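Presented below is the structure to which this report refers.
Coordinate-derived values only; no laboratory data. Remember, predicted model here, so these are calculated numbers, not experimental data.
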Amino acid sequence: MSALLLSSCSGLSPEAREIVGVYYNNELSDDTPVLELNDDGTSVMRAIKPDVLTIEVPGTWNVVNDSLVIDNDVTKIVTEGDTSVLGDVTPKYSRLITRHDELSLTLAKDGIEYLYHRKVTPDKD
């Protein structure tokens, strides 16, 4: 019962609970995730330009009408690297979820699909 209470307190939709996880874009980094979608409804988005700049933005997230919607807290941006190439960070990020399973999440915008891999950690018994 307490697990049900905790999940309902987060405000996440049933669809959102299916995609909770840490996601990577292997073309950018195998070590640093680009999306952290936490089960408490908080998130971290990262924009990574390898060996140049990493931008990290905390926020909140949910799934609304088949789309991942992230409200970024642009007042709490953390950067590492050359900030002279820093562009604008959008306060609201929304992408259509075209596919997801236990290993990946595919998001689309303007007909272009983006594949993110979920890092699976073995359960400790």
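For the range 83-88, 3J(HN,Hα) computed residue by residue from phi via the Karplus equation (6.51, -1.76, 1.60; θ = phi - 60°) reads 6, 5, 9, 5, x, 6 Hz, glycine and proline entered as x. Averaging the sequence gap over all C-alpha pairs within less than 8 Å and six or more residues apart, then dividing by the number of residues, gives the chain a relative contact order of 20 percent. For ASP39, no residue 5 or more places off, or on another chain, has a built amide H under 5 Å of its own.
The string of couplings for the range 18-30 from the Karplus curve (6.51, -1.76, 1.60, θ = phi - 60°) is 6, 10, 3, x, 10, 10, 10, 10, 4, 6, 9, 6, 8 Hz, one whole number per residue in order, with x for Gly and Pro. Amide H to amide H, with H built 1.01 Å from N, ASN62 comes under 5 Å of VAL69, counting only residues 5 or more places away or on other chains.
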